[in-house]
Each structure stands twice: as structure tokens, then as C-alpha cells.
Amino acid sequence: MEIPEILMRIVEAIESKEGENTVVMKMENTPIPTDYFIITTANSKTHMKALRDSVVEELKKSSHEIIYYDKKTNLSWVLVDAGEFVIHIFTKKAREFYDLEGLWHSAERIKIGSPTDEVLR
């Protein structure tokens, strides 16, 4: 499976700021108008801001359009909408409550960063 370079760089930006339990979901076969969800957990509001800023910086550096991103700092769920990529940064409690992985359980999971990037079922 061909993984878009920008998707790998987004995940690397999250990993560089120690995002927790990052999951990439291929959404193109769902009714959601995006190709990928990238979901990660922040351990504090400060960490959430650092993750958001790192993702936004990577998208800007790559000249990738950002449709919207949350600029507030006192949230439990921060969204970065970059068209075909939607990045969700949650607190642990909010991630458990909203359970996007459970809601979209039929979406393929993609493991990024392995020698052979793979689709997980």
C-alpha cells in the first residue's frame, strides 16, 4: 500500500512530540469526506498545544492547505482539518468518551513507521 509522504511526516511530527497511542485510520470507504483520520492522545493541555503546533507547522512547511484548526488551549479535543487528513488530538478521558476508533471500527488501521507500512484489520 502506498502511504502518502505527508501522512508519514504528520505522524513523525506527532511522534517527535511524544503523542500517545497514535492511530491512523483509512476513511476513504466511509461516508466521512476525508481520506485519513490521525488520532493521538496528549497527556496535558500544554502537550496538546505542542502536538497541534507541531502538526500545523509540518503542514505549513509542506505547503499543505489547512482548512481549519482549533486555536484555543483549554480543550479536551483539538482538531486539525487538512482536507484529506483530519488530525484529532484528545485528552485521555475525551478519547475514551468519544471513542472514534470504536465508532469507525470498520475503517482500516494503517501502521506507519514499520519497515513495510501495512494495513491492520
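No lab work stands behind these numbers, since they all come straight from the coordinates. The structure presented is a predicted model; accordingly, all values stated were derived computationally and were not measured. Virtual Cβ from ideal backbone geometry, glycine too; neighbours counted across all protein chains shown.
Numerical summary
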item	result
Hits in the stretch 32-62 (condition: assigned to a strand (DSSP E or B) and either exposed (fewer than 14 other Cβ atoms within 10 Å of the Cβ) or of a type in the set (Val, Ile, Thr) (or both))	Ile38, Ile39, Thr40, Thr41
Residue tally, condition within 12 Å of Asp81 (Cα to Cα) and touching an Asp or Glu at 6+ places or on another chain (Cβ under 8 Å), over the stretch 20-38	3
Matching residues, the stretch 16-26, being outside any strand (DSSP E or B) and charged (D, E, K, R)	Lys17, Glu18
Cross-chain or 6+ apart pairs with Cβ under 6 Å, the stretch 66-95 first and touching a residue at least 60 places away in the same chain (Cβ under 8 Å), then in a strand (DSSP E or B) and hydrophobic (A, V, I, L, M, F, W, C)	Ile87/Ile38; Ile87/Val80; Ile89/Ala42; Ile89/Val78
Criterion: closer than 24 Å to Lys111 by Cβ and surrounded by fewer than 15 Cβ atoms within 10 Å (Cβ to Cβ) - qualifying residue of Glu65, Glu96	Glu96
Single residue of Asn74, Asn29 found to be farther than 21 Å from Ala13 by Cβ, outside any helix (DSSP H, G or I), in contact with a helix residue (DSSP H, G or I) (Cβ under 7 Å, 6 or more places away or on another chain) and not hydrophobic (A, V, I, L, M, F, W, C)	Asn74
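Quick grid of which residues meet (1) touching a Cys at 6+ places or on another chain (Cβ under 8 Å); (2) touching a residue at least 12 places away in the same chain (Cβ under 8 Å); (3) hydroxyl-bearing (Ser, Thr, Tyr):
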| site | (1), (2), (3) |
| --- | --- |
| Glu2 | no, no, no |
| Met8 | no, yes, no |
| Lys17 | no, yes, no |
| Thr22 | no, yes, yes |
| Asn29 | no, yes, no |
| Ile39 | no, yes, no |
| Lys49 | no, yes, no |
| Glu58 | no, yes, no |
| Ser62 | no, yes, yes |
